[in-house]
Every structure is written in structure tokens, then in C-alpha cells.
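Peer 1: Structure below; questions to follow.
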Amino acid sequence: MSLERGIEHAAPLAALPRKLADILRPELGSLANEIVDEIRATIPAYARPLDGPYGKSIRAGVEYAITLFVAQIADPTASKEQSHEVHHRLGQNEMREGRSLDTLQSAYRVGARVSWRRIMRVGRRSGLSSAVMSQLADAMLAFMDELASVALDGYLEAKARTAGALDTWRRKLLHLVLETPPAPSKAIAELAQLTGWTVPERATPVVLRPVNDTVRPRRHNVVDSDVLAELDCAEPRLVIPGEISGARLATLQAALPDYRLSIGPCRPLDSVADSLRWARDALHLSERGIVPCRRVIRAEDHLATLLVNADTELTGQLRDRLFAPLAEMTGKQQERLLETLRAWLDSQGNVVDIAERLQVHPQTVRYRMRQLQATFGEHLRDPGARFEMELALRAGVAPLAGRSATEPAIPEVLPVPRRSPQWTPG
């Protein structure tokens with residue numbers, strides 16, 4: 001919430017005659033006493049002695065209010081900042097003293113009633129016209145409503161910072177940051193102020209996954225105070241201001257020893273939801289064996305893999321079209337040839353390198369490559385086709401539905417010709 005909330009409803013003080021300030025100023029001291037006495041007499045919660053710090057804050061709030069009102073009649077541009085700060089703290093104190101919101105609002109209504117009663121007496125005594133009195137009434141009521149709004153902000157802020165409420169508000173803030181489409185920045189700023197969270201320009205999301213099924217989610221794992229966290233849910237997640245440094249990562253791992261962490265790229269706050277989705281996708285791909293399954297996964301390191309796996313139906317369609325010539329082979333034969341095709345693409349056709357990658361004899365590589373050439377023909381010479389093949393292979397597509405493994409398989413013959421040059425299409 002903002003201390004400036006009431007300023008949007010500024011009173012029509014500029015239209016009032018400046019001489020009213022001179023008429024009202026001598027009344028301020030006795031009026032403050034009268035308002036305090038009336039509040040104590042009519043609201044039981046305030047009947048206690050007002051000699052201590054609490055009483056001084058009540059009296060200061062009343063004095064600042066009526067002094068500012070008169071000062072703004074004399075000069076409508078007079079600063080409200082100090083008075084607003086006093087009433088904001090007053091609202092916070094009311095919450096900490098355990099009083100209800102109704103009690104706080106009742107005190108402002110009493111203040112308005114007593115102030116208007118005094119203004120009526122002064123107005124009659126000074127011969128003020130009915131038009132001026134009407135303007136004065138409107139201005140005074142609008143002014144008191146403004147201060148009540150500022151105090152309400154302070155009250156709600158203090159309430160939000162109690163242990164249970166703070167946790168609830170911070171979870172709501174996390175949801176707001178991760179909304180799609182992005183939530184208004186003003187809404188995030190107001191809720192952040194309420195919870196004491198400094199809004200960063202950029203932030204990093206983290207998706208958590210228990211290391212095993214016996215781990216039970218806990219709400220109160222100790223994480224840094226600037227981290228927005230939701231742990232006791234189906235998909236635990238964090239939002240961390242700025243980049244995750246090595247020290248920050250070590251702290252997270254120590255605080256969350258039973259979780260794997262998938263970290264999205266650091267992004268502007270209004271696109272953190274996209275980064276969270278990438279972190280979630282990277283975690284899913286690690287569970288499928290497409291991305292290395294580690295304690296900490298950084299989606300930033302696997303953007304190309306995330307891209308080609310973003311639409312599994314589409315990559316499946318691409319696979320079916322590209323690798324249709326393998327359909328009559330068994331799953332094992334398909335797997336062997338596709339493994340060789342990927343190694344060939346990665347090694348740019350170097351047989352020795354392919355053999356090392358596959359841990360097979362170079363002659364085996366040459367034999368398999370002749371099979372690939374016979375199967376795919378000119379597609380192996382087409383840069384566009386090779387690019388599509390690499391996309392499909394990097395997407396981790398499953399083999400096509402081939403012949404049963406019980407049917408006779410094509411043997412992997414290892415012919416030994418007199419001279420067998422390295423095979424490179426093109």
C-alpha cells in the first residue's frame with residue numbers, strides 16, 4: 001500500500017478564503033484536547049491513560065491532522081508528507097496494540113464530528129456565509145477521509161507483516177509475479193510494499209522436485225528473506241531477485257537438501273513466468289533422459305533442446321516423415337542406425353571419430369553408413385534435410401513402430417573389402 005493513497009482524493013481547499021486559516025489557527029490547541037477527550041470518552045478501547053508512548057502517538061496524530069488542515073487553507077501546496085507519516089505509523093500502532101479496524105475508523109469519525117462542531121461555532125461567531133461553511137464542511141470531511149485512508153494503509157501493512165499473514169501475502173505476491181499475462185506493475189509494487197519485498201528489475205525462477213517420493217513438502221524451509229517461496233504445493237517454486245550466484249546457489253542447496261533444482265534464466269520481472277515454464281520443461285526433459293539428470297539443472301544450458309522439444313506432436317510428425325524409410329526395420333535396427341546418423345552429423349562424416357563416439361570398429365561404421373545411404377539416398381546430401389534430421393534426433397524422438405524383434409533381423413555384416421575408403425556423402 002502507498003502513503004500517497006489519499007492524495008488522489010484531495011480536498012477542495014484551494015477554493016477556501018485564506019483568511020479562514022487566521023480564524024481557525026487560535027482554536028487548534030483546545031480543539032486537539034477536545035478531540036482526544038471525546039475519543040477516550042466514546043470509544044472504550046481508548047479509555048486507558050494516554051501518558052506513555054502510545055498516548056503520545058494518538059495525540060500527535062490529532063495535532064498533526066488539524067494543524068495540516070489549517071496550513072493547507074493558508075497554502076494549498078503545503079506538504080502532507082510529515083502528517084501522512086504520522087498517521088501511517090498510527091495505523092501500524094493500532095494493529096500492534098490489538099485493536100480492530102472498526103475501532104480505528106471510529107476514532108477518525110469522532111475526530112471529524114468534533115472538528116465540525118467547533119467549526120460551526122467559529123463560523124457563526126465570525127459571520128461566515130453559508131456558502132463558505134458548505135465548502136469548509138466538504139473540505140474537512142474529504143481531508144479526514146484522506147488521513148483515515150493513510151492510517152488504514154499502515155494498519156493493513158502491519159497486519160500483513162504478522163507471521164501467518166506475511167506468509168500468505170508473500171505467496172499471493174509470488175502468484176502475482178508469475179501471472180500470465182503479466183500482472184500490472186502497480187499491483188505488484190503495492191503488494192510488495194505491504195510485505196516488505198523490494199521489487200527487482202530482474203529475477204530468476206526455480207522449480208523444485210523432491211529427490212524421492214518419501215520427501216514431504218514443508219512450508220518453512222529456511223530460505224533468504226528476499227526469496228518468494230511456495231514449497232507446500234504440488235509444484236514447489238521460488239522467485240529470487242537477480243542472478244543466482246554461486247554463494248546463493250550453495251545457500252539454496254543447504255536450505256533444500258531434499259530437492260532437485262531446475263533454474264530458469266534470469267529475466268525481467270514481467271517475463272519471469274516464461275522462464276519458470278522453461279525451468280519446468282528442463283526438469284521434465286531430465287526425467288525423460290533427454291537432459292542430464294543432475295541435482296541442479298540450468299535451463300539456460302539447454303535452450304536448443306527446450307526449443308526442439310517444445311511441441312512433441314510437431315516433432316513426432318517430423319520424425320514420422322523423415323524416418324519413414326526405417327519403418328520396416330526392427331526397433332533395435334532403427335536405434336542402431338539413428339545412433340550412427342546422429343554421430344555422423346555430429347562428426348561431419350569422420351569415420352574414426354564416429355567409431356570412437358559409438359565405441360565400435362570403423363569398419364562397422366562404414367557398413368552402417370552404407371545402410372544409411374541406401375535408406376535415405378540424396379537426403380543425406382541436402383543441407384535442409386540434414387538440419388531437420390538433427391532437429392528430430394535432438395528432440396529425443398522414439399523409434400518408429402517397426403517389425404517385431406522376433407522376426408528375422410538384418411544381420412550387421414562386417415565385410416572386409418580390400419580397400420574401403422572413408423564414406424562421406426556430398
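The values are calculated or read from the model by the stated rules, or taken from the named source; none is laboratory data. Predicted model, so just to flag it, every value in this text is computed and none were measured. As a convention, Cβ positions derive from the backbone with ideal geometry for all residues, glycine included, and neighbour counts pool all protein chains shown. Areas reflect the complete protein model, heavy atoms only, side chains present, ligands, DNA and RNA absent. Shrake-Rupley method; radii C 1.70, N 1.55, O 1.52, S 1.80 Å.
Peer 1: Counting only helical runs of four or more DSSP H residues, what would the 222 nm mean residue ellipticity of the chain come to if each run contributes -39,500 (n - 2.57) and the total is spread over all its residues?
Peer 2: On the way: 16 runs with 237 residues, N = 426.
Rounded to the nearest 500, it is -18000 deg cm²/dmol.
Peer 1: Rounded, prolate or oblate for the chain? Axes are the square roots of the Cα gyration tensor eigenvalues, ordered a ≥ b ≥ c, and the cut-off for rounded is a/c under 1.5. Walk me through the numbers before you get to the answer.
Peer 2: Values: a/c = 5.08, a/b = 3.54, b/c = 1.43.
Prolate shape, in that a/c is at least 1.5 and a/b is the bigger ratio.
Peer 1: Give the carbon-plus-sulfur fraction of the accessible surface of region 95-141 in %, rounded to a whole number; probe 1.4 Å, heavy atoms of protein chains only. Show your work: numbers first, answer last.
Peer 2: Details: 1330 of 2520 Å².
C and S atoms contribute 53 percent here.
Peer 1: How large is the charge dipole for region 268-322, taken about the Cα centre, if only the Cβ atoms of Lys, Arg (+1) and Asp, Glu (-1) carry charge, to the nearest 20 debye?
Peer 2: Numbers: 8 positive and 9 negative charges, 55 e Å.
It comes to approximately 260 debye.
Peer 1: Pick out, from Leu307, His361, Met329, the residue whose Cα sits farthest towards the positive end of the charge dipole of region 254-361, with +1 on the Cβ of Lys and Arg and -1 on the Cβ of Asp and Glu.
Peer 2: Result: His361.
Peer 1: Does region 181-315 come out rounded, prolate or oblate, given a ≥ b ≥ c as the square roots of the eigenvalues of its C-alpha gyration tensor, rounded meaning a/c under 1.5 and, failing that, prolate meaning a/b above b/c?
Peer 2: On the way: a/c = 1.87, a/b = 1.25, b/c = 1.50.
Verdict is oblate for region 181-315.
Peer 1: Here is a further query. Dividing the alpha-carbon radius of gyration of region 248-304 by 2.2 N^0.38 Å (N being the number of residues), what value is obtained?
Peer 2: Numbers: Rg = 11.5 Å, N = 57, 2.2 N^0.38 = 10.2 Å.
So region 248-304 has a normalised radius of gyration of 1.13.
Peer 1: Shifting gears a bit: For the charge dipole of the chain, defined by +1 on Lys and Arg C-beta atoms and -1 on Asp and Glu C-beta atoms about the Cα centroid, which residue among Pro26, Ala158, Tyr64 has the Cα displaced farthest towards the positive pole?
Peer 2: The Cα lying farthest towards the positive end belongs to Ala158.
Peer 1: What is the sum of charges, Lys and Arg at +1 and Asp and Glu at -1, for the other residues whose Cβ falls under 14 Å from the Cβ of Ser130?
Peer 2: Numbers: positive: Arg124; negative: Asp138.
Charge balance near Ser130 sits at 0.
Peer 1: Let me ask something else. Subtracting the Cα-Cα distance from 0.36 nm times the residue separation, let me have the gained length for Thr42 to Asp224 in nm, one decimal.
Peer 2: Details: separation 182, 0.36 × 182 = 65.52 nm, distance 4.61 nm.
So the extension gain works out to 60.9 nm.
Peer 1: Same structure, new question: Please report, in debye to the nearest 20, how large the charge dipole of region 85-183 is about its Cα centre when each Lys and Arg carries +1 at its beta carbon and each Asp and Glu carries -1 there. Show your work: numbers first, answer last.
Peer 2: Working: 15 positive and 11 negative charges, 104 e Å.
Approximately 500 debye in magnitude.
Peer 1: Counting pairwise Cα distances across region 46-116, what percent come out greater than 14 angstrom? Intermediate results must be reported in sequence, preceding the final value.
Peer 2: Working: 1596 of 2485 pairs.
Considering region 46-116, 64 percent of its Cα-Cα pairs are separated by more than 14 Å.
Peer 1: Something else: For region 300-341, report the translational diffusion coefficient in µm²/s to the nearest whole number, using Stokes-Einstein at 4 °C, 1.567 mPa s, and a Kirkwood Rh over Cα pairs.
Peer 2: Values: Rh = 11.8 Å.
Roughly 110 µm²/s, to the nearest whole number.
Peer 1: What size of dipole, in debye to the nearest 20, comes out for the chain about its Cα centre when the only charges are +1 on Lys and Arg C-beta atoms and -1 on Asp and Glu C-beta atoms?
Peer 2: Details: 55 positive and 53 negative charges, 87 e Å.
Taking the Cα centre of the chain as origin, the dipole is about 420 debye.
Peer 1: Right, another one. Among all stretches of the chain without exposed trypsin sites (Lys or Arg not before Pro) (DSSP loop, at most 15 other Cβ atoms within 10 Å), which one is longest?
Peer 2: On the way: sites that count: Arg18, Arg218, Arg219, Arg288, Arg294, Arg295, Arg418, Arg419.
The segment 19-217 is the longest one with no such site.
Peer 1: Taking all protein chains as present, what is the carbon and sulfur share of the accessible area of region 180-289, in % to the nearest whole number, probe 1.4 Å? Write down the numbers at each step before the final one.
Peer 2: Numbers: 2690 of 5250 Å².
Here it works out to 51 percent.
Peer 1: Carbon-plus-sulfur fraction of the accessible area of region 329-384, 1.4 Å probe, in percent? Intermediate values should be presented prior to the final figure.
Peer 2: Working: 1260 of 2710 Å².
Answer for region 329-384 is 47 percent, counting heavy atoms of protein chains only.
Peer 1: Using Cα pairs closer than 8 Å and at least 6 residues apart in sequence, work out the relative contact order for the chain, in percent. Please list the in-between numbers first.
Peer 2: Details: 536 pairs, mean separation 51.5, N = 426.
In percent, rounded to a whole number, it is 12.
Peer 1: Hey, another quick one. Can you sort Met120, Met133, Met369 by solvent-accessible area, 1.4 Å probe, largest first? Walk me through the intermediate numbers first.
Peer 2: Values: Met120 70, Met133 25, Met369 0 Å².
Of Met120, Met133, Met369, the descending order of accessible area is Met120, Met133, Met369.
Peer 1: Would you mind checking the pairs Lys80/Lys172; Lys56/Lys186; Lys80/Lys159 and listing those with alpha carbons more than 27 angstrom apart?
Peer 2: Values: Lys80/Lys172 31 Å; Lys56/Lys186 34 Å; Lys80/Lys159 24 Å.
Pairs exceeding 27 Å: Lys80/Lys172; Lys56/Lys186.
Peer 1: Evaluate E = 1/(1 + (r/R0)^6) for Asp167 and Arg288, where r is the Cβ-Cβ distance and R0 equals 30 Å; express this FRET efficiency to the nearest 0.05.
Peer 2: Details: r = 35 Å, r/R0 = 1.15.
FRET efficiency, Asp167 to Arg288: 0.30.
Peer 1: Can you give me the Rg/Rh ratio for region 102-193, using Cα atoms for both radii and the Kirkwood formula for Rh?
Peer 2: Values: Rg = 20.3 Å, Rh = 16.4 Å.
Expressed as Rg/Rh, it is 1.24.
Peer 1: Determine the per residue accessible area of region 20-150 with all protein chains present and a 1.4 angstrom probe, expressed in square angstrom.
Peer 2: Numbers: 6160 Å² over 131 residues.
Counting only protein heavy atoms, the per-residue value for region 20-150 is 47 Å².
Peer 1: Using a 1.4 Å probe on the protein heavy atoms only, what accessible surface does Ser79 show? Give it in Å² to the nearest 10.
Peer 2: Looks like 80 Å² after rounding.
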